[in-house]
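Below is one structure; the comments refer to it alone.
The values are calculated or read from the model by the stated rules, or taken from the named source; none is laboratory data. Here the structure is a predicted model, which means the values were calculated and not measured. Please note: Cβ atoms are built from the backbone with ideal geometry, for glycine as well, and neighbour counts cover all protein chains shown.
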Amino acid sequence: MQGLADRLQGFAAALLDPSLGVPPGLVGPDGEPSPKRFAVYRNNVVVGLTEVLKANFPAVCRIVGEEFFDAMARILVASEPPTSPILLEYGAGFADFIAGFEPAASLPYLPDIARIERAWMEAYHARDTPPLEAAALAAIPDRHVPSLKFSVHPSLRLVRSPFPALTIWRMNVGDGVPGPVDLAAGGDDILVVRPAAEVELRAMPPGGYEFVMALEQGQSLTEAMKTALTADPRFDLSGNIRDLVAAGTFVDCHLDQEPERMTRMK
Amino acid sequence: MAPQNDEQSPRRIAIPPRAGVGLKPEHYRTILDTNPDIGFFEVHAENYMGAGGLPHRYLSRIRDNFPLSLHGVGLSIGADRSLDRDHLKRLSELIERYQPGLFSEHLAWSTHDTAYFDDLLPVPYTAETLSRVVSHIDEVQETLGRQMLLENPSTYLAFAESTYSEIDFIAEIVRRTGCGLLLDVNNVHVAATNQQWDPIRYIDEYPLPHVQEIHLAGYTREADEKGRTLLIDTHDRPVDEIVWGLYGHTITRLGPQPTLIEWDAKIPTWTELKAEAERAEAIMFAIGRKEQSRARFG
């Protein structure tokens, strides 16, 4: 008699690969094989996971239409099923999958829309913590400011697109209304963060993306400013800092030498 | 000195013998704004395994006002492999945080190798499966430090190698592990139709003294290749009249029990969902009164 391990192995393989046929010994009430009954499980798995992707990537679905989305998602489900029962994590590889999906090649911005939606999802479920307040930063003595380092908020995500992806995303979520978009108009750097309840997305100014990346990697304010200026000479330090703090990008700042967080200094 | 938690865990509140509903994000606001008279809420554990954000904020506030039960869908108790220890740990942390009155899982498997299928897949009822399931439930109860309830499955096919009936299999699990049971009456109707069992007999032979919760839901009707009715457990519509009838029979045998309306797809308005819970409660109380008067006069 077939053991449990072999039985579940055969069942699992046939679930995602219809070419394998229905494993023997799976029967209806008369003891005879019943492919239609096995198909219920196949359908539950594929349709269920497709619906999960649809819920996690609503703008991608709105752009390509439900039929196209289902066909695309089903291929991903069969080739890359979730690796965890926590389905809010499912779809981390969807943007890269779309980028390599030939029938979607006419929508070159689509992978970046998926990246925005993925970033939104991660920010939505990230750990809660209060962001750094502007007043706390203002209280730091001027002589310390150039060497300050910042810790970013756990919900912070950055997305860089060579297309106006933020504009396209906004047109395709909620009450958004699709309109003409000039794909050659330049790209979007997008800051995604959830300092309190709501996920917020904003377009970043010139050099802002490199600046936040540098801070996140542990560069001091002065070092990060140089990095940003190298990337784009239009970079404006005080405007960026003001906007980033207002957006809730950071949780605290500190000096390298000093173990105590500057924001706690009174 | 013992470390102090910033957030104090709430006290565990028992689930009352009333009707409750599955908590859906679509209804968070209405529930908090109207504070409805409802027995309890139940959530799928895996939906609250994110680190933070609105789901936890809402659940904490709802948990402050209502009894809460926790229903796992991803532990894969029926699998031939070891339980996922990381998942069990997350479950343990969630239970510590929300202190649900009941915790339940399924007689099913849903993971294989690294893949998670997001469906409750069936197991063959053999001695080998039995010993796997028993050792998994032992591990769950030991790790969580509490009893779990096991739910009877909706099944669409049978395994030629099965040597136990479903009821004997479940009864033996209860005997060996001391777990409690969740009787899903819709699953009884779905499985009984698909397997050509007698649903009344199924309920009568089920280990009823161990049942601590009942589930009710809607199903979809299809047919197999031989034209036999094939019911699918879809949770996307009201509870069927036949299932209400089976529920009445169950309550007559069992007395009032925590009863959950599951509605997980094509989510209805709050009013429609609440009406289903009210119907369950009306049946529960009507039968309870009849039983009382019979005890008094009969």
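Some observations on this one:
- Note on the range A:128-167: among residues that are surrounded by 14 or more Cβ atoms within 10 Å (Cβ to Cβ) and among the charged types (D, E, K, R), the one that is nearest to the other protein chains (Cβ to nearest Cβ) is A:128.
- For residue A:26, the requirement of being farther than 27 Å from residue B:225 by Cβ, free of Cβ contacts under 8 Å to residues at least 40 places away in the same chain and crowded, with 17+ Cβ neighbours inside 10 Å is not met.
- Condition broken by residue A:137, with the remaining ones in (1) in the same structural domain as residue A:253 (by TED's automatic domain parsing); (2) within 27 Å of residue B:49 (Cα to Cα); (3) in a helix (DSSP H, G or I) satisfied: (2)
- Residue A:73 vs. criteria more than 10 Å from every other protein chain (Cβ to nearest Cβ), farther than 21 Å from residue A:176 by Cβ and buried (at least 21 other Cβ atoms within 10 Å of the Cβ): yes
- Test: residue in the range B:58-66 that is within 11 Å of chain A (Cβ to nearest Cβ), at negative phi and of a type in the set (Phe, Trp, Tyr): yes
- Members of the range B:255-272 that are touching a Gly at 6+ places or on another chain (Cβ under 7 Å) and within 14 Å of another protein chain (Cβ to nearest Cβ): B:264
- Residue in the range B:67-90 that is surrounded by the fewest Cβ atoms within 10 Å (Cβ to Cβ), counting only those that are within 10 Å of chain A (Cβ to nearest Cβ) and part of a helix (DSSP H, G or I): B:86
- Residues considered: A:5, A:13. Of these, the only one that is assigned to a helix (DSSP H, G or I), in the same structural domain as residue A:74 (by TED's automatic domain parsing), under 24 Å from residue A:90 (Cβ atoms) and not aromatic (Phe, Trp, Tyr) is A:13.
- On the stretch given as the range B:91-132, residues that are crowded, with 19+ Cβ neighbours inside 10 Å, assigned to a helix (DSSP H, G or I) and within 8 Å of chain A (Cβ to nearest Cβ) total 2.
So that you can scan it fast, the table gives a plain yes or no per residue for (1) more than 20 Å from residue B:161 (Cα to Cα); (2) more than 7 Å from chain B (Cβ to nearest Cβ); (3) of a type in the set (Phe, Trp, Tyr):
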residue	(1), (2), (3)
A:2	no, no, no
A:12	no, no, no
A:19	yes, yes, no
A:22	no, yes, no
A:36	no, no, no
A:48	yes, no, no
A:54	yes, yes, no
A:58	yes, yes, no
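- Residues in the range B:43-66 that are under 15 Å from residue B:104 (Cβ atoms) and either of a type in the set (Gly, Ala, Ser) or assigned to a loop (DSSP other than H, G, I, E, B) (or both): B:45 alone.
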